[in-house]
């Protein structure tokens, strides 16, 4: 089993066998992205979880992928895979990875989507150095508009790096960063959709309090956020510059911005993102302590 030919050229993803250990919404998003982009076929994908057979049956019926029915089949799928995606919950990661010692090999590419779990800890849990791609996608990946931070262990080849980026670009944008910066990625984009939803909640509530119907407040808020994001993307201008362009002196927008400043809006966002990044590091430390216990 090898992910690179003797010439060092990366093979087509379609020639590889992919195994997803975990069957949550992010696993489904990646599977759907790969299939929608035509990068692979359903029979090349296997998926498993700890005990939710109904979920596995649903995914198998929806996408045509293989689902593991028992422990023996799970082990066989893991051994046969060229790429193994670690998609389990952080609280379950240490115990699950310890059980994979002797099952996974250094010839495989391991892709982790587990928040806070470092490459060093993954290798310690698996009992050997591995080719590891550590990622931090966000929930917008489920509609193909995700943002994913990616880091690599030293043994990951250039071809494998390209392979990993190609797979995650099927569900959105990718950014390669040094591993210590993945906590920052978690703070900015990993948890980022929730900040935007929180802002939208407040905008909708304000609209209702000013007399708008629930439907009108929701529609206006959604279109405003969508339009603002598209404006940044389409013009390639700095958000601060766009904000200044729509903020007339002594106008309504300036009055609103002054009110936000009075409530330390910007500082609050910066501190919130910093705390999310800090919490990602704490989660990693908790997993590492669990791994050593």
Exercise. Packing-wise, with mean Cβ within 10 Å as the measure, how do 147-154, 232-239 rank, highest first?
Worked result: 147-154, 232-239
Exercise. Looking only at segment 197-230, which residues have a backbone nitrogen under 12 Å from a spot 7 Å from the Cα of residue 265 in the C-beta direction?
Worked result: 199-200, 202-203
Seminar exercise, completed: Descending packing, highest mean Cβ count within 10 Å first, for 106-118, 38-50, 64-76 is 106-118, 38-50, 64-76
Exercise. Bin by bin, in steps of 5 Å, what percent of the Cα pairs in segment 110-206 do you find, going until the bin that has the longest distance?
Worked result: 3, 13, 22, 21, 17, 10, 6, 4, 2, 1, 0
Seminar exercise, completed: Checked the chain against the a/c 1.5 cut and the a/b vs b/c comparison, axes a ≥ b ≥ c from its Cα gyration tensor; verdict prolate
Exercise. Which of the peptides 161-169, 181-189 is most tightly packed, and how do the rest follow, going by the mean number of other Cβ atoms within 10 Å of each residue?
Worked result: 181-189, 161-169
Problem set entry | Helical contribution to [θ] at 222 nm, DSSP H n ≥ 4, -39,500 (n - 2.57), averaged over the chain, rounded to 500 | -16500 deg cm²/dmol
For this session: With an 8 Å cut-off on Cα pairs and a minimum separation of 6 or more residues, tell me the relative contact order of the chain in percent.
Result: 17 percent
Exercise. Over the Cα atoms of segment 13-182, how large are the radius of gyration and the largest Cα-Cα distance (Dmax), in Å?
Worked result: 14.5, 39
For this session: Against the globular-protein guess of 2.2 N^0.38 Å, express the Cα radius of gyration of segment 120-271 as a ratio, rounded to two decimals.
Result: 1.35
For this session: Would you mind calculating the relative contact order of segment 192-275 from Cα pairs under 8 angstrom and at least 6 residues apart, reporting the percent as a whole number?
Result: 14 percent
Seminar exercise, completed: Taking a ≥ b ≥ c as the square roots of the Cα gyration tensor eigenvalues, with a/c under 1.5 meaning rounded and otherwise prolate when a/b beats b/c or oblate if not, segment 165-204 comes out oblate
Exercise. When the Debye formula is applied to the Cα atoms of segment 192-275, each taken as the same point scatterer, what base-10 log of I(q)/I(0) results at q = 0.22 Å⁻¹?
Worked result: -1.42
Exercise. In nm, to one decimal, how far is the modelled label at residue 285 from the one at residue 254, with both set 7 Å along Cα→Cβ?
Worked result: 4.6 nm
Exercise. Mean separation of Cα pairs under 8 Å and 6+ residues apart, divided by the residue count of segment 13-182: what relative contact order is that in percent?
Worked result: 21 percent
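Bear in mind that the values in this text are calculations on the coordinates, not laboratory data. These numbers were taken from a predicted model, which means no experiment stands behind them. Here Cβ is always computed from backbone atoms with ideal geometry, including for glycine, and neighbour counts include all displayed protein chains.
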